[in-house]
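A.B. asks: Shown below is the structure under consideration.
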Amino acid sequence: MPVKIEAGQATETVKLINWEHPKENDFALAEEVTLRGHHERRPDLVLYVNGIAVGVIELKNSHTSIGDGIRQLLSNQQKEFNEWFFTTLQIVIAGNDSEGLRYGSIKTEKKYFLQWKEDEADNTRFKLDKYLLKMCRKNRLIELMHDFVLFDGGQKKLPRVHPYFCIKASQPPLNLPTSVTA
């Protein structure tokens, strides 16, 4: 972001997120943030990186469908509610302990919300906890935002889990040559 430090000085580019060193960013999680606009709403959890809201999570109990959380996320994004708050968001998540979680970006239609599945044999945690820990881990969250959010016809999109892991597997290991010469 271009910033002018002093009057009469040239603008400097300030990076709002440290993409190269994810753990050097300031990560925060806020519970039931009150959004005041035309109608007051309270997302269950808001993820922040360096004070910028990057994610919203709607949690439901095991007896309530994730679909209810998705409908709530979509409703909150409508102009008559709190559309302004969602402009910086990169990911929206709805989940419960019995179904796990579904994720999308802002304005993702309900039918296009994706399911994250990883380490299916690991039953040491509830599905929701397991997948939130996987997706929202500092390095992965920064990586998803930087390398995997794309725009298609003006619509922000996130990867499905299998293409994400295929891309990761195809990348060369760090600090190793990408080709072999004779």
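A.B. asks: Per residue and in Å³, how big is the convex hull formed by the alpha-carbon atoms of the chain?
C.D. replies: Working: hull volume 35.5 nm³, N = 182.
Expressed per residue, the convex hull around the Cα atoms of the chain is 195 Å³.
A.B. asks: Ranked from highest to lowest mean number of other Cβ atoms within 10 Å per residue, what is the order of the peptides 45-52, 129-136? Walk me through the intermediate numbers first.
C.D. replies: Values: 45-52: 16.5, 129-136: 18.6.
Going by the mean number of other Cβ atoms within 10 Å, highest first, we get 129-136, 45-52.
A.B. asks: Taking K23 as the anchor, which lysines have their alpha carbon closer than 17 Å to its alpha carbon, excluding any fewer than eight residues away along the same chain?
C.D. replies: Answer for K23, where 17 Å is the Cα cut-off: K15, K134, K138, listed by chain and number.
A.B. asks: Still on this structure, please answer the following. Find the centroid of the Cα atoms in the range 60-133 and in the range 1-23, then give the distance between the two in whole Å.
C.D. replies: 32
A.B. asks: Sticking with this one: Can you list the chymotrypsin sites (Phe, Trp or Tyr not before Pro) in the range 71-127 that are in a DSSP coil and have 15 or fewer other beta carbons within 10 angstrom? Kindly include the intermediate steps, with their values, before the conclusion.
C.D. replies: Numbers: sites: F81, W84, F85, F86, Y103, Y112, F113, W116, F126; in loops: F81, F113, W116, F126.
For chymotrypsin sites (Phe, Trp or Tyr not before Pro) across the range 71-127 that sit outside H, G, I, E and B with at most 15 neighbouring Cβ atoms in 10 Å, the list reads F126.
A.B. asks: List the residues, sorted by chain then number, that are 5 or more residues from D97 or on another chain and whose placed amide H is less than 5 Å from its amide H.
C.D. replies: S62
A.B. asks: Follow-up. Which listed residue (G100, L114, T88) has the Cα farthest towards the positive end of the charge dipole for the chain, taking +1 on Lys and Arg C-beta and -1 on Asp and Glu C-beta about the Cα centre?
C.D. replies: Of the listed residues, the answer is L114.
A.B. asks: Calculated FRET efficiency, E12 and D147, Cβ-Cβ r, R0 22 Å, to nearest 0.05?
C.D. replies: On the way: r = 25 Å, r/R0 = 1.15.
Plugging the Cβ-Cβ distance into 1/(1 + (r/R0)^6) gives 0.30.
A.B. asks: So if a site counts as exposed when it's one of the GluC sites (Glu not before Pro), its DSSP state isn't H, G, I, E or B, and it has at most 15 other Cβ atoms within 10 Å, what's the longest stretch of the chain without one? Numbers along the way, then the final one.
C.D. replies: Numbers: sites that count: E6, E20, E32, E40, E80, E109, E118, E120.
Counting at most 15 other Cβ atoms within 10 Å as exposed, the longest clean stretch of the chain is 121-182.
A.B. asks: Here's a follow-up. K110: which lysines have alpha carbons under 17 Å from its alpha carbon, excluding same-chain residues fewer than 8 sequence positions away?
C.D. replies: In chain and number order, the partners are K60, K156, K157.
We did not get these values from a lab; they are worked out from the coordinates using the rules stated. Note that this is a predicted model, so its numbers are computed, not measured. So basically every Cβ, Gly included, is an ideal-geometry build from the backbone, and we count neighbours across all protein chains shown.
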